[in-house]
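Below is one structure, written out as structure tokens, with a few remarks after it.
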Amino acid sequence: MNKVVVTGLGIVSPLGNDVETFWNNIKNGVCGIDMITKFDTADYKVKVAAEVRDFDPRQYMEKADVLHSDIYTQFAVAAAEQAVKESGIIGTVEPERIGVYIGTGIGGIQTFMDEHTKLKEKGPRRVSPFFIPMMIANIASGTIAIRYQCKGPALPAVSACASGANAIGEAMRLIRHGYADALICGGSEATVNTLSAAGFPTMQALSFSEDPNAASLPFDKRRSGFVMGEGAGCLVLESEEHAKARGAKIYAELSGYGSTCDAYHMTAPHPEAEGGARAFADAWKESNIETDKIYINAHGTGTPMNDKCETLAIKKAFGEELARKALISSTKSMTGHMLGAAGAAEAVVSVLALTEGIAPPTIHLEEPDPECDLDYVPNNARKAGFDIALSSSLGFGGHNAVLAFKKVD
């Protein structure tokens, strides 16, 4: 089987629209959560979100392409362009041997809302001929494939908050087993809008705090829900043999992937964390490493059940002693929950944490929950050498995905 390595990274996020800015803000514990500016929140319970700011799609796309694409696709294209440019992959691999896997939880929801408004107010003839291709969940993958003439598999992963991580993990398996030499993969989401702000609160899922610094509180006993975020993350993966042959910069090896389902509840995690624990254990076992120098980027949404169950999953997967030695953080304390993009953005964080030897902080962790009793790197980043970094993503429907990145020799 082929070893799979990371050779390019890209990001659009509430903490910056390039990898350097994003990573510096992550390390420094900058909060990307603020009052919502995209719509008037007077009639809404939710008042804060982690919005992408100062994003100009024209930096990456022609005007006509911008007009005919949903913002979630624009985010994806931008992150992909950054990763592809850094990797230098295009032109080094046959078109039939490179593919695109971009995950999303919801896809083009803003387009759906806009065209539905046209239908109700102006009638069916005013609905755009671009409505369907702008809305559908696979169109980010398709757009990127067209852009770079990637003629291998081009698919979305649609598994709620695990979508980005699943896209990366499934891309790894494609390369590992020889079906492709390289994949552009990640996740994208753009759901900070009125419909989402109405829908998520009725599920009791969102924080209603009006204080941006007391809204996303992973592992803190004051936590009351997640904060909506948005953006995109992207990685270029390729076989180690191919990367070394062309002299590419290699960040890390993607050494393990666990993908399970709780098969328990539409939205709640299993109280015994069985599925999450198996996903961690599978990624760890597949990595074939013995070390106690571990970084974990936790899903850490700040919902009461998630953080408690994830803590239990980590203990079950690694054992109590090893779990207590791991450095764990939830960067959702800074980025909010980027939904289908979260696993991809946090994969970027995990790769950089591994390569630089820095565990990002969980900010605003002031009152630890006694049921969340591991080392969550509260409030300040910590220098430490890691041999492996794991990133977990847990989605509605019981989807669990864990990625493991290992240092390269």
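Here is how the numbers come out for the structure above:
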{"quantity": "Long pairs among Lys383/Lys406; Lys249/Lys383; Lys285/Lys316; Lys249/Lys407; Lys85/Lys407; Lys332/Lys406, criterion Cα-Cα beyond 21 Å", "calculated": "Lys249/Lys383; Lys85/Lys407; Lys332/Lys406"}
{"quantity": "The chain: most fluctuating residue of Arg53, Arg223, Arg278 per GNM, C-alpha cutoff 10 Å", "calculated": "Arg53"}
{"quantity": "Surface share of carbon and sulfur [accessible, 1.4 angstrom probe, percent] for the chain", "calculated": "51"}
{"quantity": "Long-range Cα-Cα pairs in the stretch 74-127 (distance over 16 Å), rounded percent", "calculated": "62"}
{"quantity": "Under 29 Å from Lys118, Cα to Cα: lysines that are on another chain or at least 8 residues apart", "calculated": "Lys38, Lys45, Lys47, Lys63"}
{"quantity": "Positive dipole terminus of the chain, leading residue within Met305, Thr191, Ala215 (C-beta point charges)", "calculated": "Thr191"}
{"quantity": "Candidates Ile168, Ile132, Ile71: whichever shows maximal mean-square fluctuation once the chain is modelled as a Gaussian network with Cα springs under 10 Å", "calculated": "Ile132"}
{"quantity": "Sum of -39500 (n - 2.57) over DSSP H runs of 4+, divided by residues of the chain (222 nm, nearest 500)", "calculated": "-10500 deg cm²/dmol"}
{"quantity": "Residues of type aspartates and glutamates that Lys308 reaches as a straight line, Cα spacing below 19 Å, ignoring anything fewer than 8 places off in the same chain", "calculated": "Asp220, Asp262, Glu272, Glu274, Glu320, Glu321, Glu366, Glu367, Asp369, Glu371, Asp373, Asp375"}
{"quantity": "Centre separation in Å (Cα based) which lies between the stretch 188-223 and the stretch 313-369", "calculated": "19"}
{"quantity": "Hits among aspartates and glutamates - C-alpha to C-alpha of Lys27 under 12 Å, sequence gap 8 or more where chains match", "calculated": "Glu356"}
{"quantity": "Amide proton proximity set for Gly229, modelled H, under 5 Å, gap of 5+", "calculated": "Ala50, His337, Met338, Leu339"}
{"quantity": "Extreme residue, positive dipole direction of the chain, given options Tyr148, Ala263, Ser333 (C-beta unit charges)", "calculated": "Tyr148"}
{"quantity": "³J(HN,Hα) computed for each position of the stretch 338-352 - Karplus, 6.51 cos²θ - 1.76 cosθ + 1.60, integer Hz, glycine/proline x", "calculated": "7, 6, x, 8, 4, x, 6, 4, 6, 5, 4, 4, 5, 4, 6"}
{"quantity": "Residues of the stretch 290-409: accessible area per residue with a 1.4 Å probe, Å²", "calculated": "30"}
{"quantity": "Mean-position separation - Cα centroids, the stretch 238-280 and the stretch 131-148, in angstrom", "calculated": "24"}
{"quantity": "Pairwise centroid distance, computed over Cα atoms, of the stretch 65-85 with the stretch 375-409, Å", "calculated": "26"}
{"quantity": "Rounded to whole Hz, the Karplus (6.51, -1.76, 1.60) HN-Hα couplings of the stretch 23-29, x for glycine and proline", "calculated": "5, 4, 5, 4, 4, 8, x"}
{"quantity": "Most positive-pole-ward Cα, Gly164, Trp284, Pro201, against dipole of the chain from beta carbon charges", "calculated": "Gly164"}
{"quantity": "Fluctuation leader among Asp34, Asp56, Asp369 - the chain, Gaussian network, Cα springs under 10 angstrom", "calculated": "Asp56"}
{"quantity": "Rounded, prolate or oblate (a/c below 1.5 giving rounded, otherwise prolate when a/b exceeds b/c) for the stretch 226-322 by Cα gyration tensor", "calculated": "prolate"}
{"quantity": "Calculated from backbone phi, Karplus (6.51, -1.76, 1.60) coupling profile of the stretch 268-281 in Hz, x at Gly/Pro", "calculated": "7, x, 5, x, 9, 6, 4, x, x, 4, 5, 5, 4, 5"}
{"quantity": "The stretch 1-64, dipole about Cα centre (Lys/Arg Cβ +1, Asp/Glu Cβ -1), debye to the nearest 20", "calculated": "220"}
{"quantity": "Charged-residue dipole, Cβ positions (Lys, Arg, Asp, Glu), the chain about Cα centre, Debye nearest 20", "calculated": "580"}
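The values are calculated or read from the model by the stated rules, or taken from the named source; none is laboratory data. Since this is a predicted model, take the numbers as computed values, not measurements. No Cβ is skipped: glycine too gets one built from the backbone with ideal geometry, and neighbour counts run over all protein chains shown. With ligands, DNA and RNA removed, areas are computed over all heavy atoms of the protein, side chains included. Shrake-Rupley method; radii C 1.70, N 1.55, O 1.52, S 1.80 Å.
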